[in-house]
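The values are calculated or read from the model by the stated rules, or taken from the named source; none is laboratory data. Source: prediction; values computed, not measured. Please note: Cβ atoms are built from the backbone with ideal geometry, for glycine as well, and neighbour counts cover all protein chains shown.
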Number of protein chains: 2
Amino acid sequence: MTSVPEVIWNRPARASRGPAPSLTRQEIAAAAVRLADAEGLEDLSMRGLAADLGVGAASLYRYVESKDELIELMADAVMGSDMRIRAGRDWRSHLRSYARALRAMIQKHPWMVVEGAGRTSLGPNTAATFERVLRGLDGLGVGIDDMLTMVETVDAFTRGRALEEIGDRDAIRRSGLDNDAWMRQQAPYVRELVESGRYPLLSRVIIDAEAPHDPDRLETAFRRGLELVLDGLASMLPERPNRAS
Amino acid sequence: MTSVPEVIWNRPARASRGPAPSLTRQEIAAAAVRLADAEGLEDLSMRGLAADLGVGAASLYRYVESKDELIELMADAVMGSDMRIRAGRDWRSHLRSYARALRAMIQKHPWMVVEGAGRTSLGPNTAATFERVLRGLDGLGVGIDDMLTMVETVDAFTRGRALEEIGDRDAIRRSGLDNDAWMRQQAPYVRELVESGRYPLLSRVIIDAEAPHDPDRLETAFRRGLELVLDGLASMLPERPNRAS
DNA sequence: AGTCATTGCGAACACTGTACCCAGTCGTGT
DNA sequence: ACACGACTGGGTACAGTGTTCGCAATGACT
């Protein structure tokens with residue numbers, strides 16, 4: 001007779017008795033996503049969210065068991081609204097468009113790089129997206145195990161790249177400084193690193209990065225890396241899918 | 001005349017005047033790493049760390065400007081103690097051993113998957129490691145730009161995989177439940193997902209995962225994926241490095 | 001020997017997530 | 001038609017957080 005040990009996706013949104021809730025899970029998740037995008041996930045507070053929704057802080061716990069559960073709701077909401085991938089022509093373009101959608105989604109919602117990792121909380125939208133991605137790899141003569149590996153490899157690469165790209169942006173935001181002030185603070189130390197002469201290759205990277213460069217250099221690096229990964233994945237297929245024997 | 005806008009790596013560990021500090025940055029970082037490994041980074045508190053070190057909570061702020069800066073210290077300490085990679089025979093084995101070291105390090109210090117991402121805080125150990133990895137790719141006729149891409153690609157893949165692997169472990173830990181209780185809580189919902197028939201491929205993945213499987217299945221998946229990535233990277237080299245023309 | 005920058009740190013501040021309790025609401029069973 | 005009682009909203013409270021302030025004690029420099 002344990003109380004209510006049930007995962008949120010199996011809990012009814014509305015009770016059979018008593019007054020109707022004044023909010024929906026969708027409304028709450030949407031507002032929370034908006035706030036997290038604007039201020040960062042760690043600056044999202046239950047009180048702030050409640051105020052934004054025009055309710056008391058404690059009321060949120062009528063909809064959600066904990067902040068972690070709220071984040072599960074947010075993650076699944078984003079999977080529903082920002083991961084509407086369409087089927088690709090072949091496995092390669094399919095995985096490519098999955099990776100690009102994933103990257104675009106993470107750039108819009110940076111906290112998703114961590115919160116959306118793994119298949120821990122299989123909300124309906126998360127499950128549907130996963131199913132759709134797998135479907136693009138079905139019928140190629142690849143076992144479910146290897147299909148999973150292919151998806152996970154693309155996912156890992158994309159998430160990892162996003163993690164690196166976001167790292168700086170996030171560190172700057174957390175410092176409270178703006179971009180220029182942050183650069184000015186780092187400059188003396190970085191200069192010292194370069195001038196010490198102990199890090200010749202790192203120095204080349206730094207100097208290269210300081211040069212006026214392609215604004216979407218990161219995007220280019222991602223695309224190139226992705227193609228390399230896809231090249232590698234091709235070797236998991238039994239044989240050429242085009243041209244019968 | 002701003003106060004002390006200097007990055008921690010450029011601040012002297014000891015002041016020229018006044019009493020000697022009773023702690024060192026190394027001691028603090030080491031203790032913090034130990035606590036974060038045991039309880040998770042988000043359960044690491046300044047008060048808890050101070051108590052562990054036998055000092056007052058406010059004293060830590062004589063060594064570190066903020067908790068974020070403490071984490072920078074921790075990250076660099078780990079880079080020094082757990083990323084002592086040795087040079088490989090060729091670029092491929094070099095990147096492979098880097099990836100494996102990175103993976104092992106993250107499994108030992110799960111919080112490093114996020115905190116160690118990007119080259120934001122270039123502490124001495126982080127810089128040295130980075131330099132060492134790049135050195136293994138020098139002299140192959142690849143430009144610094146592409147060398148960086150190669151490292152970032154391996155890093156992204158490894159970090160991304162680690163992120164996925166850690167995701168579940170972390171969600172379980174945060175829930176406060178043990179592994180069995182957590183599985184028991186998820187079971188009814190997952191069963192419903194499968195029985196709904198709407199996710200045939202996802203269901204195959206779930207059923208496959210439930211079967212008694214290789215304990216180091218994740219390790220195997222990582223190794224295979226890594227080789228695929230390395231295969232892809234080979235195409236960035238000008239030509240075969242073995243056998244002169 | 002004296003100056004005074006520096007250290008350690010108790011206390012306090014503005015927060016946080018969340019448990020508890022009570023008043024008010026409304027679907028349901030009689 | 002009515003009353004029961006499960007339910008919702010939410011004020012208050014609690015234990016905890018990162019961080020600041022002020023002050024006494026220390027000890028390296030002039």
TODO: State all residues of region A:197-212 that are surrounded by fewer than 11 Cβ atoms within 10 Å (Cβ to Cβ) and closer than 18 Å to B:Phe130 by Cβ; if no residue qualifies, say none.
DONE: A:Gly197
TODO: Report whether or not B:Glu39 is farther than 24 Å from A:Trp182 by Cβ, surrounded by 13 or more Cβ atoms within 10 Å (Cβ to Cβ) and at pLDDT below 95.
DONE: yes
Task: Matching residues, region A:10-28, being within 16 Å of A:Asp68 (Cβ to Cβ) and either away from DNA strand C (no atom under 15 Å from the Cβ) or in a loop (DSSP other than H, G, I, E, B) (or both) - done: A:Arg11, A:Arg25
Open item on the list: Tell me yes or no: at least one residue of region B:197-205 is in contact (Cβ under 8 Å) with a residue 60 or more places away in the chain and facing another protein chain (nearest Cβ under 7 Å).
Closed with: no
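Per-residue answers, yes or no, for (1) at pLDDT 90 or above; (2) more than 10 Å from chain B (Cβ to nearest Cβ); (3) buried (at least 21 other Cβ atoms within 10 Å of the Cβ):
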| position | (1), (2), (3) |
| --- | --- |
| A:Ala156 | yes, no, yes |
| A:Arg169 | no, no, no |
| A:Asp214 | no, yes, no |
| A:Asn242 | no, yes, no |
Task: Filter pass, B:Arg174 being assigned to a helix (DSSP H, G or I), at the interface with chain A (Cβ under 7 Å from one of its Cβ atoms) and over 22 Å from A:Phe157 (Cβ atoms) - done: yes
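Taking into account only those residues within region A:80-97 that are of a type outside the set (A, V, I, L, M, F, W, C) and touching a residue at least 60 places away in the same chain (Cβ under 8 Å), which is farthest from A:Glu42 (Cα to Cα)?
Step one: filter region A:80-97 for residues of a type outside the set (A, V, I, L, M, F, W, C), giving A:80-82, A:84, A:86, A:88-90, A:92-94, A:96-97.
When the remaining residues are screened for being touching a residue at least 60 places away in the same chain (Cβ under 8 Å), the result is A:90, A:92, A:96.
Values: A:Asp90: 40, A:Arg92: 36, A:Arg96: 31 Å.
For region A:80-97, the residue satisfying everything is A:Asp90.
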Open item on the list: One residue is enough: does region B:70-83 have a residue meeting the conditions within 16 Å of DNA strand C (Cβ to nearest atom), surrounded by 15 or more Cβ atoms within 10 Å (Cβ to Cβ) and either on the phi < 0 side of the Ramachandran plot or assigned to a helix (DSSP H, G or I) (or both)?
Closed with: yes
Task: Lone qualifier among B:Ala181, B:Ala127 - being surrounded by fewer than 19 Cβ atoms within 10 Å (Cβ to Cβ) and either more than 18 Å from B:Arg100 (Cα to Cα) or of a type in the set (Phe, Trp, Tyr) (or both) - done: B:Ala181
Task: Of the criteria (1) without any contact (Cβ under 8 Å) to a residue 60 or more places away in the chain; (2) more than 16 Å from DNA strand C (Cβ to nearest atom), which one B:Arg103 fails - done: (1)
TODO: Mind listing whichever residues of region A:12-62 are more than 10 Å from DNA strand D (Cβ to nearest atom) and within 14 Å of another protein chain (Cβ to nearest Cβ)?
DONE: A:Gly40, A:Leu41, A:Glu42, A:Asp43
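For region B:22-64, name all the residues that are farther than 30 Å from B:Arg169 by Cβ and in contact with a helix residue (DSSP H, G or I) (Cβ under 7 Å, 6 or more places away or on another chain). Show your work before the answer.
So in region B:22-64, the residues farther than 30 Å from B:Arg169 by Cβ come out as B:22-24, B:54-56, B:58-59, B:61-63.
Selection gives B:Leu23, B:Gly56, B:Ser59, B:Tyr63.
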Open item on the list: Report every pair of residues separated by at least 6 positions or lying on different chains whose Cβ atoms are under 8 Å apart, first residue within region B:56-76 and farther than 20 Å from B:Gly40 by Cβ, second in a helix (DSSP H, G or I) and basic (Lys, Arg).
Closed with: B:Tyr63/B:Arg25
Task: For A:Ile85: the one exception among (1) in contact with a Lys or Arg (Cβ under 7 Å, 6 or more places away or on another chain); (2) within 14 Å of another protein chain (Cβ to nearest Cβ); (3) more than 30 Å from B:Ala181 (Cα to Cα); (4) not polar (S, T, N, Q) - done: (2)
Task: Residues that are in a helix (DSSP H, G or I) and more than 8 Å from chain A (Cβ to nearest Cβ), drawn from region B:117-153 - done: B:Pro124, B:Asn125, B:Thr126, B:Thr129, B:Arg132, B:Val133, B:Asp146, B:Met150, B:Val151
